[in-house]
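Notes follow once the structure below has been shown.
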Amino acid sequence: MQNKMKPGTMCVQAGWTPKKGESRVLPIFQSTTFKYETSEQMARLFDLEDSGYFYSRLQNPTVDAVGSKIAALEGGVGAVMTSSGQAANFYAIFNICQAGDHFVSASTIYGGTYNLFSVTMKKLGIDVTFVDADASEEEIQAAFRPNTKALFGETISNPSVNVLDLEKFVRIAHKNGVPVIVDNTFATPVNCRPIEWGVDIVTHSTTKYMDGHAVAVGGAVIDSGNFDWEAYHDKFTCLTEPDDSYHGLVYTKAFGKAAYITKMVAQVMRDLGAMMAPENAFLLNLGLETLHLRMPRHCENAQKVAEYLEAHPMVEWVNFCGLPSSKYNALANKYLPNGACGVLAFGIKGSKEDAIRFMDTLKLIAIVTHVADARSCILHPASHTHRQLTDEQLIEAGVAPDLMRLSVGIEDVEDIIADLEQAFQTLG
Ligand SMILES: *Cc1c(COP(=O)(O)O)cnc(C)c1O
């Protein structure tokens with residue numbers, strides 16, 4: 001029944017369907033543990049022979065309800081909710097990569113993910129090659145090796161707001177027998193559902209638009225259930241061969257289409273424990289209930305702000321895929337026909353110091369290390385989120401030294417523009 005609902009209805013209703021006399025609102029199951037009648041019942045859960053709750057590090061009813069809603073919105077077979085978006089992207093790769101393996105990633109990705117891939121995962125013996133996501137199929141193909149296990153990108157990159165050619169990535173990955181993993185944080189499933197374009201695994205920092213009110217850090221991994229792991233049996237033995245930590249259980253045999261996502265709970269979450277807390281899941285769910293209302297307003301406001309900035313004599317450049325002048329306008333029209341997101345990037349004429357002075361003069365638009373919530377905010381990645389990157393890495397990540405990332409909120413757009421205008425006047 002849930003799969004027949006439209007996205008707007010799923011935002012409000014999916015995941016929690018109370019029965020007679022049960023709570024109308026998703027309850028917070030603030031409990032670490034769950035009771036059973038016999039020792040045998042509990043033993044079957046540990047062997048993955050029955051499904052049920054036993055310990056909230058693995059599963060919790062509140063967290064699972066929100067995971068079901070997000071899986072329904074993305075059109076996947078299941079989701080794992082994590083304590084952060086960082087954990088979600090780490091889990092998505094680590095679930096199928098181990099020491100000695102390699103994956104390919106777009107270079108234009110969130111700074112935290114770039115560090116995770118280029119430094120921390122390398123320490124675990126998992127190697128990455130970064131590619132220009134706009135490069136030709138042949139150029140991206142050249143990054144693949146026999147031990148490559150995945151191809152990663154962001155639907156709309158943070159902070160450069162480039163749009164990914166999803167079908168191109170899917171073609172390249174599938175030709176090489178590996179899944180495509182796409183971080184869909186900025187688009188949200190309201191504006192783009194990557195699985196419909198052939199993407200295998202979707203990740204989210206739910207901290208951003210999904211929560212939408214900047215109250216809880218969280219993440220999600222959604223499995224489409226479409227990747228045929230058994231077709232590449234020898235490449236994905238972590239799913240197709242017995243798991244010693246479950247008495248020789250084989251995930252593809254026991255769970256079919258849900259092999260990848262079940263392994264993530266049963267093994268990666270069990271051992272690493274970056275689970276979402278029930279109370280954070282409850283707060284996230286409140287945000288999701290209005291996601292379909294907030295996203296169009298973010299897009300509409302951002303479009304007006306982008307047009308204002310593009311026409312402003314003190315602005316050097318604007319990158320917003322909704323502008324016809326954007327290099328990504330055609331990709332946006334294809335993959336994001338209802339709007340992209342509320343985030344745009346721009347640079348003003350003058351020095352880096354002018355950019356900093358401009359930001360310091362803003363009143364309504366706040367300087368915060370956050371993006372994609374109801375309140376407008378701004379950040380200068382080269383001095384904030386990306387300050388650990390070298391100039392060369394900044395350019396590779398699509399972050400010009402003068403780039404300011406403006407996250408347009410859902411306030412009245414006239415007030416947002418008025419705030420920008422008074423800051424320009426102060427500069428001028
Ligand atoms: C913020 C962000 C992340 C990291 O998420 P956290 O919830 O902050 O850990 C990952 N990917 C993208 C695209 C992001 O914007």
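The values are calculated or read from the model by the stated rules, or taken from the named source; none is laboratory data. Keep in mind that this is a model prediction, so the values were computed, not measured. Cβ: placed from backbone, ideal geometry, glycine included. Neighbour counts: every protein chain shown.
In the stretch 153-181, of all residues being away from the ligand (no atom under 16 Å from the Cβ) and of a type in the set (A, V, I, L, M, F, W, C), the one that is farthest from Ile378 (Cα to Cα) corresponds to Val178. Looking across the stretch 1-15, the residues that are surrounded by 10 or more Cβ atoms within 10 Å (Cβ to Cβ), free of Cβ contacts under 8 Å to residues at least 60 places away in the same chain and not β-branched (Val, Ile, Thr) come down to Gln13, Ala14.
Within the stretch 150-170, no residue that is in a helix (DSSP H, G or I) sits with its Cβ atom under 6 Å from a residue that is at pLDDT 95 or above and within 9 Å of the ligand (Cβ to nearest atom) at 6+ positions apart or across chains.
If you go through the stretch 324-331 one residue at a time, do you hit one that is within 12 Å of Pro159 (Cβ to Cβ), surrounded by 15 or more Cβ atoms within 10 Å (Cβ to Cβ), touching a residue at least 40 places away in the same chain (Cβ under 8 Å) and not assigned by TED's automatic domain parsing to the domain that holds Gly85? No, the stretch 324-331 contains no residue that is within 12 Å of Pro159 (Cβ to Cβ), surrounded by 15 or more Cβ atoms within 10 Å (Cβ to Cβ), touching a residue at least 40 places away in the same chain (Cβ under 8 Å) and not assigned by TED's automatic domain parsing to the domain that holds Gly85.
Restricting Ala374, Ala397, Ala345 to residues that are in contact (Cβ under 8 Å) with a residue 60 or more places away in the chain, more than 15 Å from Thr108 (Cα to Cα) and under 22 Å from the mean Cα position of the chain (by Cα) narrows the list to Ala374.
Kindly establish whether Gly409 is touching a residue at least 60 places away in the same chain (Cβ under 8 Å) and exposed (fewer than 14 other Cβ atoms within 10 Å of the Cβ). Answer is no for this residue. With respect to the conditions (1) buried (at least 17 other Cβ atoms within 10 Å of the Cβ); (2) of a type outside the set (A, V, I, L, M, F, W, C); (3) closer than 18 Å to Ala88 by Cβ, Arg270 falls short on a single one, namely (1). Note on the stretch 13-121: enclosed helices (runs of 4 or more DSSP H) holding 3 or more residues that are away from the ligand (no atom under 16 Å from the Cβ) and at pLDDT below 95 are 39-46. Here Ala355, Ala340 are screened, and the one residue that is out of contact with any Phe, Trp or Tyr (no Cβ under 8 Å at 6 or more places or on another chain) and either modelled with pLDDT of 95 or more or not hydroxyl-bearing (Ser, Thr, Tyr) (or both) is Ala355.
Any residue at all in the stretch 62-75 that's closer than 30 Å to Asn226 by Cβ and of a type in the set (Ser, Thr, Tyr)? Yes - at least one qualifying residue is present in the stretch 62-75.
Looking across the stretch 123-149 at every residue that is free of Cβ contacts under 8 Å to residues at least 12 places away in the same chain and part of a loop (DSSP other than H, G, I, E, B), the one that is farthest from Ala382 (Cα to Cα) is identified as Pro146.
Has the stretch 168-175 got any residue that is under 23 Å from Ile261 (Cβ atoms) and surrounded by fewer than 17 Cβ atoms within 10 Å (Cβ to Cβ)? For the stretch 168-175, residues under 23 Å from Ile261 (Cβ atoms) and surrounded by fewer than 17 Cβ atoms within 10 Å (Cβ to Cβ): present.
Listed by position, the helices (runs of 4 or more DSSP H) contained in the stretch 188-269 that have at least 3 residues being more than 16 Å from the ligand (Cβ to nearest atom) and without any contact (Cβ under 8 Å) to a residue 24 or more places away in the chain are 251-255.
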